[in-house]
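Structure, as structure tokens:
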């Protein structure tokens with residue numbers, strides 16, 4: 001229980017409580033508004049990528065389209081199918097939505113991380129605090145826990161609908177999310193290994209430290225570079241799958257499953273799923289930024305110093321990933337189900353596991369003062385070993401398959 | 001085995017689209033607020049839209065109630081009943097006139113065969129295609145709505161979304177087929193004036209250069225030729 005508490009709350013309790021409430025409200029409102037803008041941004045950008053115009057009537061450049069859609073959904077009839085398990089059916093949207101909100105609580109949104117004394121602390125009404133709703137010591141584990149709970153939302157929606165297509169969709173969803181969570185967790189483990197802490201604030205602090213410098217240019221100490229890109233790529237792919245976004249949107253494959261797990265949902269309950277989906281996109285981008293791109297850390301460049309530089313950097317980095325997710329959707333065709341499982345189990349999980357072991361080995365080498373030659377030898381040897389194993393495994397699978405096919409052909413004459 | 005670079009090329013394709021022209025336009029169905037864009041795509045010259053029943057310049061109706069259009073109509077959407085003209089106050093310059101003329105736009109397929117069949121070019125098609133209705137009876141246009149007004153222009157009903165140029169070149173199809181039956185399109189202009197716009201000069205190549213375009217093809221002359 002104590003692990004869930006922000007250490008900053010110890011002391012002047014009431015004052016801190018008020019500051020926390022303020023932060024909660026700000027984060028809540030911010031997230032809702034950004035979801036509204038994200039839906040609009042996605043529709044606008046994807047129509048740009050398809051040579052269309054996109055929403056353009058509600059508000060300037062159609063920016064209020066989401067609001068109009070939301071109001072429309074609000075006034076639609078709320079249906080509960082006869083076959084539905086009513087309790088599960090009604091519970092499911094909230095199980096999707098609430099975790100999406102909660103994950104955002106551990107994301108650092110700003111603060112000055114520059115210089116020697118830049119520790120991201122801002123002073124609000126005389127209270128020192130971080131620009132994030134909470135900084136529990138279990139930090140990033142909270143994110144994993146919440147994204148696991150979101151699976152229940154999808155699963156219960158499919159089960160509770162009492163209809164076959166939603167059930168098929170939710171079975172796919174849970175299989176997909178459970179398998180990709182392993183890769184997701186292993187990619188996070190690499191970052192945790194690097195930081196030595198689970199707290200998101202510590203991760204940002206660690207990445208804000210001056211990194212390796214090449215003459216005048218300092219390469220930032222961001223985890224995307226420090227952990228060697230692979231965990232980042234794995235996390236990005238697994239994260240997209242975890243979000244059920246294209247190209248991993250088998251859960252809602254319209255051609256196969258009608259609407260997927262939310263086929264039977266209408267009105268405000270459907271709106272909640274929709275909201276949760278886009279909120280997850282934003283929080284996932286925020287988590288990627290925090291884990292791999294230094295979160296709010298970044299030099300002041302042309303701007304005057306201040307706590308808000310961090311926020312500017314954070315949104316800049318966040319925006320890159322939001323753009324990327326839409327770009328994925330515009331570009332990549334949907335995976336087939338077996339391809340999805342192959343990618344997750346046969347590529348991402350072994351890859352991230354091997355990479356994690358290698359990073360761990362390098363840390364051992366660091367503490368045992370290996371020479372440069374020995375380090376390189378270890379890395380190359382490990383990679384060669386993994387490559388050999390992968391080749392053998394592929395060969396074994398291929399042989400088994402060809403023999404199976406041959407046996408089948410023989411049996412069929 | 002696919003080239004791994006192909007994946008990146010795919011991303012480049014979608015990214016490049018960001019800077020290309022849009023295929024779609026800013027269309028708001030004629031309900032745009034003041035100053036807001038509301039564009040339709042340009043229509044082809046021989047577009048088949050809502051019909052109009054033409055009149056001569058003196059106000060006489062061209063329709064003679066022969067029912068050829070109704071006979072040729074593959075969708076059976078035209079209903080015509082002719083009646084004898086009152087000698088003292090004729091509706092059309094012939095013996096009979098179209099007493100009832102109705103087109104059911106829930107059936108009409110806009111094939112333009114009625115326009116080809118019409119011996120007097122009484123029926124032509126404008127380029128208006130956007131006229132929706134909320135009940136079946138409204139889908140049946142009667143003579144009151146179809147016949148052109150005193151300026152020779154189509155009546156613009158409040159539920160129709162007329163745009164610039166929708167009433168122009170409505171005889172485009174007849175020019176191509178030559179109402180006189182001459183497949184070479186030779187000789188003088190045998191078609192009546194455009195809706196309220198007068199007669200068009202023949203197009204290049206339409207009459208292989210044998211026709212003079214120095215006027216002289218006013219609707220009155222055309223009519224006298226036809227009558228003679």
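The table for this structure:
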| item | result |
| --- | --- |
| Euclidean distance of C-alpha centroids, segment A:317-360 and segment A:63-83, integer Å | 33 |
| Residues B:21, B:138 arranged by fewest to most Cβ contacts within 10 Å | B:21, B:138 |
| Kirkwood hydrodynamic radius of chain A, from inverse mean 1/r over distinct Cα pairs, in Å | 23.4 |
| Ranked list, fewest to most other Cβ atoms within 10 Å of each Cβ, for A:144, A:17, B:128 | A:17, A:144, B:128 |
| GNM flexibility winner over chain A from A:86, A:336, A:401 (Cα, springs under 10 Å) | A:401 |
| Among A:381, A:361, A:239, residue whose mean-square fluctuation peaks in a GNM of chain A (springs only between Cα atoms under 10 Å) | A:381 |
| Chain A: most fluctuating residue of A:62, A:158, A:294 per GNM, C-alpha cutoff 10 Å | A:62 |
| Sites residue B:129 and residue B:106 - FRET efficiency at Förster radius 22 Å, r taken between beta-carbons, to 0.05 | 0.95 |
| Averaged over B:16-23, number of beta-carbon atoms from partner chains that fall within 10 Å | 4 |
| Cα-based shape type of segment A:67-109, given that a ≥ b ≥ c are square roots of the gyration tensor eigenvalues and the cut on a/c is 1.5 | oblate |
| Computed label-point distance, nm, for sites residue A:383 and residue A:412 using a 7 Å Cα→Cβ extension | 4.3 |
| Exercise: per-residue mean of other protein chain Cβ atoms within 10 Å, B:37-44 | 0 |
| Gyration tensor (alpha-carbon) shape descriptor, segment B:51-172, a/c threshold 1.5 | prolate |
| CD proxy at 222 nm, helix term only [per DSSP H run n ≥ 4: -39500 (n - 2.57); per residue of chain A; nearest 500] | -22000 deg cm²/dmol |
| Label point 7 Å beyond Cα of residue A:72 along Cβ direction - residues of segment A:14-46 with amide nitrogen under 18 Å | A:36-46 |
| Relative contact order of chain A, defined on C-alpha pairs under 8 angstrom at six or more residues apart (%) | 20 |
| R0 of 22 Å, Cβ-Cβ distance residue B:21-residue B:163: FRET efficiency to nearest 0.05 | 0.55 |
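None of the figures in this text is laboratory data; all of them are computed from the coordinates on show. If you're wondering where the values come from, they're calculated on a predicted model, not measured in any experiment. Counting neighbours? That spans all protein chains shown, and the Cβs are built from the backbone with ideal geometry, glycine included.
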